[in-house]
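Trainee: Sharing a structure below in structure tokens format, with a few things to ask.
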Amino acid sequence: MTFDVKIKKWHAVASWTWNAGDDVCGICRMPFDGCPPDGKYPGDDSPVVWGVCTHAFHLQCINRWLQSQAEQKCPFCRRQWEFKQAAVGGEDSD
Amino acid sequence: MIKLFSVKEKAKKDAAAANGKQQKTTAGELRVQKDISELDLPKNVSLRFPDGNDKIMNFEVTLKPDEGLYKGGAFLFSFAVPSGYPHDPPKVKCLTKVYHPNIDLEGNICLNILREDWKPVLTITAVIYGLNFLFLAPNADDPLNKEAAQMMQQSPAQFERLVAQSITRGCSIGGDYFPPCRGERSS
């Protein structure tokens with residue numbers, strides 16, 4: 001015996017999170033999945049970036065800090081700051 | 001897919017509405033609010049807002065060292081947090097006149113994390129621990145009060161006596177009078 005199922009309606013649900021290994025940005029202390037103070041929208045509009053030292057910040061937060069500094073160092077560990085390239089397909093957002 | 005996009009649009013609207021409500025709070029204030037709500041102070045430190053609890057960018061901290069040379073004294077500090085916080089460090093002054101190698105007679109404080117070593121992941125709590133440390137371990141290598149630093153290096157015993165005397169009873173040292181340190185503003 002078989003059922004003949006006809007789908008009338010479906011409802012897709014998706015969730016996303018930044019895989020930052022921490023909940024909040026160390027600079028603004030706002031959630032990575034939220035916005036930095038100057039950001040309007042979470043997600044793609046408030047990107048999270050990593051340094052080669054593995055520490056993560058909102059892009060806006062770390063940029064503002066690096067721009068104010070002669071030496072480009074990570075605010076956590078003071079190692080030379082270099083942006084880490086995201087692994088392809090690794091740290092996707094949506 | 002169409003549903004997904006409409007959900008995202010709604011999220012944008014919600015976020016915009018939330019932003020509108022907080023318009024009066026600047027980024028710096030928001031961060032100070034978080035710092036204050038997560039304060040984790042040692043027992044010998046108290047904090048108050050003399051301008052009212054809604055003026056959180058200016059506050060006073062009283063520190064009573066529980067060990068070391070400065071035990072028995074109480075020291076009042078003013079914190080003025082700039083709007084660029086946490087990218088700019090808070091401005092901290094010692095309002096209680098004190099005989100200390102790293103604090104001058106105007107109350108300026110020589111503490112690395114308040115100047116060259118400031119970084120935006122530091123918090124108000126971290127600064128207060130830094131101040132506490134300054135009273136446990138005065139540092140004669142980086143002086144603001146050169147006479148005190150010299151005394152500390154050349155005659156540690158005499159330095160210790162002068163500190164004890166100045167903070168408990170008050171005394172003159174090298175022509176400057178240091179009133180007893182009772183956590184008040186010396187002017």
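The values are calculated or read from the model by the stated rules, or taken from the named source; none is laboratory data. A quick note: this is a predicted structure, and the numbers were derived from the prediction, not measured. Backbone-built Cβ (ideal geometry, glycine too); neighbour counts: all protein chains shown. For the accessible areas, the whole protein counts, side chains as well, though only heavy atoms, and no ligand, DNA or RNA atoms are used. Shrake-Rupley method; radii C 1.70, N 1.55, O 1.52, S 1.80 Å.
Trainee: Would you point out the residue of the stretch B:48-67, among those that are touching a Phe, Trp or Tyr at 6+ places or on another chain (Cβ under 6 Å) and surrounded by 16 or more Cβ atoms within 10 Å (Cβ to Cβ), that is farthest from B:S187 (Cα to Cα)?
Mentor: Among residues in the stretch B:48-67 that are touching a Phe, Trp or Tyr at 6+ places or on another chain (Cβ under 6 Å) and surrounded by 16 or more Cβ atoms within 10 Å (Cβ to Cβ), the one farthest from B:S187 (Cα to Cα) is B:P65.
Trainee: Here is a further query. Filter the stretch B:31-47 down to the residues that are within 14 Å of chain A (Cβ to nearest Cβ) and of a type outside the set (D, E) and list them by number.
Mentor: B:R31, B:V32, B:Q33, B:K34, B:I36, B:S37, B:L39
Trainee: Based on what the data block shows, is B:Q158 farther than 30 Å from A:R78 by Cβ, surrounded by 14 or more Cβ atoms within 10 Å (Cβ to Cβ) and free of Cβ contacts under 8 Å to residues at least 24 places away in the same chain?
Mentor: no
Trainee: Consider the stretch A:26-38. How many of its residues are touching a helix residue (DSSP H, G or I) at 6+ places or on another chain (Cβ under 9 Å) and more than 9 Å from every other protein chain (Cβ to nearest Cβ)?
Mentor: Result for the stretch A:26-38: 1.
Trainee: Restricting to the stretch A:40-54, what's the tally of residues that are at the interface with chain B (Cβ under 9 Å from one of its Cβ atoms) and either assigned to a loop (DSSP other than H, G, I, E, B) or in contact with a Cys (Cβ under 6 Å, 6 or more places away or on another chain) (or both)?
Mentor: So the count comes out to 3.
Trainee: Please determine whether any residue of the stretch A:55-76 is open to solvent by 80 Å² or more (accessible area, probe 1.4 Å), farther than 22 Å from B:P86 by Cβ and in a loop (DSSP other than H, G, I, E, B).
Mentor: Scanning the stretch A:55-76, I find no residue that is open to solvent by 80 Å² or more (accessible area, probe 1.4 Å), farther than 22 Å from B:P86 by Cβ and in a loop (DSSP other than H, G, I, E, B), so the answer is no.
Trainee: I would also like to ask the following. Can you give me the number of residues within the stretch B:133-184 that are touching a Gly at 6+ places or on another chain (Cβ under 8 Å) and among the polar types (S, T, N, Q)?
Mentor: Residues flagged as touching a Gly at 6+ places or on another chain (Cβ under 8 Å) and among the polar types (S, T, N, Q) within the stretch B:133-184 amount to 1.
Trainee: Here are some conditions: (1) under 19 Å from A:R79 (Cα atoms); (2) part of a loop (DSSP other than H, G, I, E, B); (3) hydrophobic (A, V, I, L, M, F, W, C). A:A14 meets all but one. Which one does it not meet?
Mentor: (1)
Trainee: Of (1) modelled with pLDDT of 90 or more; (2) among the aliphatic types (A, V, I, L, M); (3) part of a loop (DSSP other than H, G, I, E, B), A:A87 satisfies all except one. Which?
Mentor: Unmet condition: (1).
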